[in-house]
Amino acid sequence: MHPWTDTLRFAFQPVVNLTTGGIAALEVLARPEAGDILAEARRDPELDGRLAVLAVRSAARKETLLPLHLNVFAGTLADLGGLGPLHEAVRQAGRLPWEITVDIGPPFTHVPQQALLDAVAALRGAGFRVSVDGVGDGDLPVRLLVDLAPDLVKLDGALLARPAAIRAMRTLCDQLGALLSVEGVETELQYRRAVAAGAQLGQGELFAPPARLPVSEVYVPLRSPEVSSRSRPGPSVREFVRPAALLPDTASAGQVRALLTGSPDVSGVLLVDRDGVPVRSLHRTRFLLSLSGRYGHALYADRPAARLGDVPRVVGADATAWEVLDVVADGGRDRTSEDVAAVDRYGRCVGVVRLADLVRALAESRVEEAAGLNPLTRLPGSDAITGEVDRRIADGRSFALSWLDVDHFKQVNDGAGFAAGDDLIRSVGRALQHVASDSTRVGHIGGDDFLALTDPDGLDPLAASVLDTPFSAAGRPITLSLATILCVPGSVMDHRQAAACLAPLKKAAKSLTGASWVLGRAGLPGHEIRRGTGPSTSPTGFAVAEPLG
């Protein structure tokens, strides 16, 4: 045994769910009091593997039920082929493999990639989860990251100053089915940037510093309406998953009772089979009442706890919050307060979802959505559209941003009265709502100004809906002006740049006679006149263009 084991200590830093504010896991960090053990471990795979084993044993002595993250160098995995001793240490600690996430850290240069991929496959086959650490400031090739297909990607804190990079990584993680975490969060500004950019988990001094004892509470700032309004629509279950209290399906009722009485924050226990698949669900209150009744302890304490459980309610980890509510609604009324198990594609439990978290988040989103609606048309304002523009830019999607307004609207109000003007605005709003869909977003900025965001092939249906519809006010025909900027990947950096490109097109459309439509392309001079006539022509001399389709 190495002499440094007597002076080696471990610290615990929480991994925080940025949506619920709860602790999702604990990262176990080696803290040697003498010597540079970590530098030596980078060169010695056997030593690095030994540190992972000691980390598990250290956590077992602290009696924490939270999932654990263990740090291992990429070279260690490639050399040892799967960390065999770690499997036995996890078993001896009374842990299940799927409660352990192996954080693979750099350097990756000169590590045999196939050996690393084979080792990761062996870990997954044993039930362990895999994270890639230090992404963004290390030497990890993107191709290798994709091949590893981790369950979690941890970004270096330096990227907090580059939110576009975080958004791009969130898009990649969504494709891989991985969660995204940001490390090194030290200020509330950095926290807001992480949330706005799409990070789901976080670590850093702001929440809680590494400590010798696992913490039970962390500091999480209140999410501002500005941050919340930019979150992605249709919240996924992954954003609300909490750690689950798991026991093997062979556990006795006495073992479950000991876990519950020693952990007052645990609302229930899931019994899982050898593969980590939930087979029975034990609700805290109902279970303890069964044992506290007359002869209850004598009848059940030494018998399988599964006899007192229910069939677990299960959803996929990629389900939406609304799908979880459907599962809850289909259950009995006495189970509405019970946690729902979230499972991966293999059916293994990855955590639980609490109904209260979902209801709170959905209620907040509805309140924010209602606050952003224009009272006249009930269409969302500009924030909803510009937020979606930024998401499409981050996703590398082509899109068309259009501005629409009523020609000579002031004369309508002055001549026919504001009531007629309001009726006209409602009519235009209804026409836009007819073309709204998942790919076409419409909004009302205010007054007679509207915004529409579409895929390029959705432009012609949008134009036909608003320009071919006969509008009138007090018996007078009314025409509309439409200006569109077509943006391909890389042509604009954010919604502000897209709006700046749109501004001169708006002026060009207003200079034409009758229902008008001009279209420009971001980064290219000039514009096309697609509808309308007038004395001026576009700088490029384009005539009315053919449809984009």
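Considering only region 196-213, state which residues are of a type outside the set (A, V, I, L, M, F, W, C) and modelled with pLDDT of 90 or more. Scanning region 196-213 gives GLN200, GLY202, GLN203, GLY204, GLU205, PRO209, PRO210, ARG212. Of all residues in region 487-496, those being surrounded by 21 or more Cβ atoms within 10 Å (Cβ to Cβ) and hydrophobic (A, V, I, L, M, F, W, C) number 2. Scanning region 335-354 for residues that are touching a Phe, Trp or Tyr at 6+ places or on another chain (Cβ under 7 Å) and either among the acidic types (Asp, Glu) or in a loop (DSSP other than H, G, I, E, B) (or both) gives a single hit, ARG348. If the condition is being closer than 21 Å to ARG378 by Cβ, surrounded by fewer than 18 Cβ atoms within 10 Å (Cβ to Cβ) and among the hydrophobic types (A, V, I, L, M, F, W, C), then region 437-464 contributes only ILE445.
Annotation: of all residues in region 465-479 being surrounded by 14 or more Cβ atoms within 10 Å (Cβ to Cβ) and either part of a loop (DSSP other than H, G, I, E, B) or not assigned by TED's automatic domain parsing to the domain that holds ARG430 (or both), the one that is nearest to the chain's Cα centre (by Cα) is THR469. Within region 245-274, which residues are assigned to a strand (DSSP E or B) and either free of Cβ contacts under 8 Å to residues at least 60 places away in the same chain or hydroxyl-bearing (Ser, Thr, Tyr) (or both)? Listed by number, the residues that qualify are LEU247, SER252, VAL269, LEU271. Of the helices (runs of 4 or more DSSP H) contained entirely in region 1-107, not one carries at least 3 residues that are outside the structural domain of LEU140 (by TED's automatic domain parsing) and in contact with a helix residue (DSSP H, G or I) (Cβ under 7 Å, 6 or more places away or on another chain). If you check ARG307 against the conditions, is it closer than 28 Å to LEU96 by Cβ, at pLDDT 85 or above and either assigned to a helix (DSSP H, G or I) or in contact with a helix residue (DSSP H, G or I) (Cβ under 8 Å, 6 or more places away or on another chain) (or both)? So ARG307 fits the description; yes. Residue count for region 28-69 under the criterion of being among the basic types (Lys, Arg), more than 30 Å from PRO264 (Cβ to Cβ) and out of contact with any Gly (no Cβ under 9 Å at 6 or more places or on another chain): the result is 1. Taken over region 498-517, the criterion of being under 40 Å from the mean Cα position of the chain (by Cα) and surrounded by fewer than 17 Cβ atoms within 10 Å (Cβ to Cβ) is satisfied by ALA500, ALA503, PRO504, LYS507. Pull up region 499-549, narrow it to residues that are among the hydrophobic types (A, V, I, L, M, F, W, C) and not assigned by TED's automatic domain parsing to the domain that holds THR484, then point me to the one that is modelled with the highest pLDDT. Out of the qualifying residues, it is LEU548. ARG167 satisfies every condition listed in (1) farther than 30 Å from GLU388 by Cβ; (2) buried (at least 19 other Cβ atoms within 10 Å of the Cβ); (3) in contact with a Gly (Cβ under 7 Å, 6 or more places away or on another chain) except (1).
The values are calculated or read from the model by the stated rules, or taken from the named source; none is laboratory data. None of these values were measured; they are calculated from a predicted model. Positions of Cβ are generated from backbone atoms using ideal geometry, with glycine treated the same way; all protein chains shown enter the neighbour counts.
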